[in-house]
Amino acid sequence: MVPQFFLITPPVADPQAFRPLLESVIATGALDVVLLRLAPQADPKRVIPPLRPLVQEAGIALLIEAPEDPRLVARLGIDGVHVAAPGPRLAEAVAALKPDRIVGIGGLKARHDAMEAGEMDVDYVMFGEPRGDGSVPPLAQVVERAEWWAAIFNTPCIAYAPDLESVAPLAATGAEFIALGPWLFETADPAETIARARRAAKARAAGPAPAP
């Protein structure tokens, strides 16, 4: 199985400035989901409407980080939310948005957390995304966790790739999605980087993950 790609944007404050970058990666046809992160103090009603059609008209699901008021998601026509960590906000998002919209969860530090979230009718679990301080777990840990989940559970799994070199071993885990983070936009050519990531995923999807 070749995984799909899930893009996590850097925090966006100016939608017009970010639009050309987003257009370039959408044009690759490699993305299936975009998690649009908002800069601190940014107004969702100003940032999201100019970018939403660009994403959704390309057949890509648009998510945002779970807002305090889940009703904002429907008002702005967003496809769903990403909840950053287990806790009350996940239950609130599931109650308010399911089954019409997507609810996913990250920040899962233990297998028990992931299994509890999976029992709450979430649409995906994510492993390996950056922590609050910007650090990421060791790649071997993310590979192990994604392999475990993909082998046992039906809820889709997203494995976060902290760089291009991580895509191939993560593609071999059986995870349905690979997440590419804000680092993508720091490369010389983000669109070419995505193309390389897709080639790496296709080449390794059927093979075993390398030993760490």
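The values are calculated or read from the model by the stated rules, or taken from the named source; none is laboratory data. As the structure is a computational prediction, the values presented were derived from the model and not from experiment. When we count neighbours, we look across all protein chains shown, and the Cβ atoms used for this are built from the backbone with ideal geometry, even at glycine.
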May I ask you to list the residues in region 101-138 that are small (Gly, Ala, Ser) and closer than 14 Å to GLU65 by Cβ? GLY104, GLY106, GLY107, GLY132
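Residues checked against (1) of a type in the set (Val, Ile, Thr); (2) at pLDDT below 95; (3) in a helix (DSSP H, G or I):
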position	(1), (2), (3)
LEU22	no, no, yes
VAL25	yes, no, yes
VAL33	yes, no, no
GLN41	no, yes, no
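Would you confirm, using the coordinates I've provided, whether PRO53 is free of Cβ contacts under 8 Å to residues at least 40 places away in the same chain, closer than 22 Å to GLU68 by Cβ and of a type outside the set (Asp, Glu)? Spell out how you get there, then give the answer.
Numbers: free of Cβ contacts under 8 Å to residues at least 40 places away in the same chain: yes; closer than 22 Å to GLU68 by Cβ: no; of a type outside the set (Asp, Glu): yes.
Considered against the rule, which asks whether it is free of Cβ contacts under 8 Å to residues at least 40 places away in the same chain, closer than 22 Å to GLU68 by Cβ and of a type outside the set (Asp, Glu), PRO53 comes out as no.
Looking only at helices (runs of 4 or more DSSP H) that fall completely inside region 102-212, which ones have 2 or more residues that are closer than 18 Å to VAL33 by Cα? Spell out the reasoning first.
Numbers: elements: 111-118, 139-152, 167-171, 190-204.
Result: 167-171, 190-204.
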Scan region 1-10 for residues that are in a loop (DSSP other than H, G, I, E, B) and either among the basic types (Lys, Arg) or out of contact with any helix residue (DSSP H, G or I) (no Cβ under 8 Å at 6 or more places or on another chain) (or both) and jot them down. MET1
Out of VAL47, VAL34, VAL25, report the one residue that is surrounded by 14 or more Cβ atoms within 10 Å (Cβ to Cβ), among the β-branched types (Val, Ile, Thr), over 14 Å from the mean Cα position of the chain (by Cα) and within 23 Å of THR187 (Cβ to Cβ). VAL25
Give me a count of the residues in region 57-98 that are part of a helix (DSSP H, G or I) and crowded, with 19+ Cβ neighbours inside 10 Å. 5
Pick out the one residue from PRO49, PRO86, PRO20 that is closer than 23 Å to GLU116 by Cβ and not hydrophobic (A, V, I, L, M, F, W, C). PRO86
